[in-house]
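The structure under discussion appears below in the form of structure tokens.
The values are calculated or read from the model by the stated rules, or taken from the named source; none is laboratory data. All values derive from a computational prediction rather than experimental measurement. Ideal geometry is used to build each Cβ from the backbone, glycine not excepted, and the neighbour counts take in all protein chains shown. In case anyone asks, the SASA skips ligands and DNA or RNA and just uses the protein heavy atoms, side chains included. Shrake-Rupley method; radii C 1.70, N 1.55, O 1.52, S 1.80 Å.
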Amino acid sequence: MAKQVQIFDTTLRDGEQAPGYSMNLEEKVRLARQLETLKVNVIEAGFAIASPGDSAAIEAVSKVIKECTVASLSRTLKKDIDASWEALRRAVKPRIHTFIATSDIHMKYKLKMQPEDVLQQAALMVAYARNLCPEVEFSAEDASRSNPEFLYRIFEAAINAGAQIINIPDTVGYTTPEEFGALIRGVRNNVPNID
């Protein structure tokens, strides 16, 4: 696997969640253009299903950005993926970024799903997204608190379903750098199709 650093910027999505911070459509497009000038690889422009404003911002950014990949976040739900694709379809380089929670606590209390159902949902929705969009990213929400063996299985299934990018988030800020390094090594060593 070639060593390469890519910048995935979430300012237009995650940055807007900071208290008292919000941008209008024009400001989001202006910021996206600046990120493109800085040669950011991926601009996650929003969460299309979250609101008509997010969807409009993703669509507007998709129309003007030519050099960067433009991504929309979506849960592993058909309606989310459809909303993402509708907002992204004019992008030169679109990416659907889909996620599902994988830690025992999130699967049980947030999703109210069994691990096997989560794995199946992830694979089905990655395949669905891949049929719409040429590039799909899959994230295991709360990966740092997830059972590593389950992570290996869900990543393998997501890649087999068409995900080209795997995201391993420390959603709740749980891990130390050493623990996170060990988690990444475990994924690299135990997911047979990780390359």
Complete set of residues in region 1-24 that are within 19 Å of T69 (Cβ to Cβ), surrounded by 10 or more Cβ atoms within 10 Å (Cβ to Cβ) and free of Cβ contacts under 8 Å to residues at least 12 places away in the same chain: G15
Region 29-42 residues that are surrounded by 15 or more Cβ atoms within 10 Å (Cβ to Cβ), paired with ones that are in a loop (DSSP other than H, G, I, E, B) (beta carbon under 6 Å, 6 or more apart): A32/I65; E36/I65; E36/E67; E36/C68; V40/I7; V40/C68; N41/Q6; N41/I7
Extreme residue, modelled with the lowest pLDDT, among residues of region 172-195 that are open to solvent by less than 70 Å² (accessible area, probe 1.4 Å) and touching a helix residue (DSSP H, G or I) at 6+ places or on another chain (Cβ under 7 Å): T175
Condition met for E86 (surrounded by fewer than 22 Cβ atoms within 10 Å (Cβ to Cβ), closer than 17 Å to P134 by Cβ and among the acidic types (D, E)): yes
Any chance V64 is open to solvent by 10 Å² or more (accessible area, probe 1.4 Å), touching a residue at least 12 places away in the same chain (Cβ under 8 Å), within 20 Å of E36 (Cα to Cα) and among the hydrophobic types (A, V, I, L, M, F, W, C): yes
